[in-house]
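Have a look at the structure below before the remarks.
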Amino acid sequence: MIRAILTEVGIFLIPFILYAGYLLITRAALTHRSSWPLRTVAWLLIAALALVIISLLLLVHYSGAPPGATYVPAHIEDGRLVPGAEK
């Protein structure tokens, strides 16, 4: 679960990291307030939220078992735990 959360946080931070990289390349003051105007931060926030939403939609669409698959829960066979599987 923590991996999924950290992945989404990382995806959210991509636009901000790219903008910080742009500021470094152009030798602008990275930590100066004038380098981060409210309008730019708002656009970065919108882009970050769009990336997170797109990544979640792609995750839902392309992960999991195929439609019609039958789930077999974990069970014990011959004294060993056999993990669950999709069949």
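Take the residues in region 2-46 that are assigned to a loop (DSSP other than H, G, I, E, B), on the phi < 0 side of the Ramachandran plot and not polar (S, T, N, Q), then tell me which one is modelled with the lowest pLDDT. Top of the filtered list is Leu30.
Residues are listed down the side, and each one gets a yes or a no for (1) at pLDDT 85 or above; (2) not in a helix (DSSP H, G or I):
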| site | (1), (2) |
| --- | --- |
| Ala50 | yes, no |
| Ser55 | yes, no |
| Leu58 | yes, no |
| His61 | yes, no |
| Pro66 | no, yes |
| Leu81 | yes, yes |
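Residues of region 33-48 include at least one that is under 12 Å from the mean Cα position of the chain (by Cα) and either among the charged types (D, E, K, R) or surrounded by 15 or more Cβ atoms within 10 Å (Cβ to Cβ) (or both).
Could you please find all residues in region 50-87 being of a type in the set (A, V, I, L, M), over 20 Å from Met1 (Cβ atoms) and exposed (fewer than 10 other Cβ atoms within 10 Å of the Cβ)? Even if it seems obvious, please write down each step before you answer.
Quick first cut of region 50-87, residues of a type in the set (A, V, I, L, M) only: 50-54, 56-60, 65, 69, 72, 74, 76, 81-82, 85.
Filter once more, so that each one left must be over 20 Å from Met1 (Cβ atoms): 50-51, 54, 69, 72, 76, 81-82, 85.
Ile76, Leu81, listed by residue number.
The values are calculated or read from the model by the stated rules, or taken from the named source; none is laboratory data. Here the structure is a predicted model, which means the values were calculated and not measured. Cβ atoms come from the backbone with ideal geometry, glycine included; neighbour counts cover every protein chain shown.
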